[in-house]
Amino acid sequence: MSEELKSVTRNVMERIHHEKITMRPRIYFIFGSVLTFIGLTASILTSVFLFSLLRFSLRSHGPMGAYRWEQLVSNFPWWALFVALFGLILGIWLLRRYEFSYKMNFRVIALGFILAIIATGFVLDMTGLSDVLSRQGPMKGIMRPSSSDDMFRPGSSFGGFYNK
Amino acid sequence: MEQNTENLSDEEVVQKVRSFDQELYAVIVDRYQGKLLRYALSLIKDEQQSLDVVQESFIKAFVNLQGFDTKKKFSSWIYRIVHNEAMNIIKKYHKETPLLDGIDFPSDENIEDDFTKQEITDAVKKCLREIPLLYSEPLELRYVEEKSYEEISDILHIPLGTVAIRISRAKKVMKRVCQKN
């Protein structure tokens, strides 16, 4: 065994030479870090957006909650949910791949990530940003009520009736 | 080669390897091969697989050397790579690794210079082989590899408090095992 032990250095250096093993360039790791950052940021943003939307929709339903829930499910941009999940999985995969030998507790990261999403979602919702988003920008189409909903709106014929 | 680099820290040698002289990587391999083989053997308990794991770890470390942060300790980094490789082997073979008889690797460090200490070390190594990996690994790192709690935390990717708890429990488990023997 001691002979084999002595040969470790020789074997390693021979493999590096003969198999032409090279170091990955620094840019490889920089690119990995950037991808990780983009992946995680995108998934956080998407998840916050979805959480905020969901909570906003449920809160604004009132007694018609069940009906609105069905409506939300049918109109929900599920592709965005998959993008968020994909971003999260990709981000953690990249972190593991590029930082494979540094200490990272991925259970803590995932838990912190989920808590951060929920907390940010609540903050966005409480500050009224959800309402702003629902009236303008990309949320406008998603949050626009269907024509059958209009009748329940104050000022409409039905809503006006109930307001009297 | 070693004479020119013997006063350099691991991190400084790595910096030179990355910058201009890849041949200096042999210095790193020389410095760590004995320790890492002993560590890998404590995990896998198979000589040939331990050798393969250590060689693969050195190659993997070389390939990813540009990703190493020289502000951190190289030893923790390379031990972590060996740990990962060893865990892959253990998972792959799904086996309880066999016990070893009288196998040891020479070390460059002269840490056991008195007979009593040697005797204790031998007894510890024997008991270490008989306790679960969860406990034996931190004990091995602490008392055989002489790593600090912080280094163990870096190598095993567990918080410092968990290191302390595992070592404390491991001592109790080991006491029971050693007393049986």
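Scanning residues 5 or more positions from B:LYS73 or on other chains, none has an amide H under 5 Å from its amide H, with H placed 1.01 Å from N in the peptide plane.
For the set B:LYS45/B:LYS147; B:LYS60/B:LYS172; B:LYS45/B:LYS171, the pairs lying more than 30 angstrom apart at their alpha carbons are B:LYS60/B:LYS172.
Taking 22 Å as the limit for the C-alpha separation, the pairs B:LYS35/B:LYS125; A:LYS20/B:LYS91; B:LYS125/B:LYS175 exceed it in the case of A:LYS20/B:LYS91.
Evaluate E = 1/(1 + (r/R0)^6) for B:LEU8 and B:GLN118, where r is the Cβ-Cβ distance and R0 equals 35 Å; express this FRET efficiency to the nearest 0.05.
Numbers: r = 31 Å, r/R0 = 0.89.
It comes out at approximately 0.65.
The order of B:PHE58, A:PHE29, A:PHE82, B:PHE74, going from fewest to most other C-beta atoms within 10 Å of their C-beta, is A:PHE82, A:PHE29, B:PHE74, B:PHE58.
Determine the shape class of segment B:113-181: with a ≥ b ≥ c the square roots of the Cα gyration tensor eigenvalues, call it rounded for a/c under 1.5, and otherwise prolate if a/b is greater than b/c, oblate otherwise. In terms of gyration-tensor shape, oblate. Measuring nothing but how far apart in sequence close Cα pairs (under 8 Å, 6+ apart) lie, relative to its length, segment B:1-96 scores a relative contact order of 30 percent.
Bear in mind these aren't lab numbers, they're just calculated from the coordinates by the rules spelled out. Values in this document were obtained by computation on a predicted structure and should not be read as measured data. No Cβ is skipped: glycine too gets one built from the backbone with ideal geometry, and neighbour counts run over all protein chains shown.
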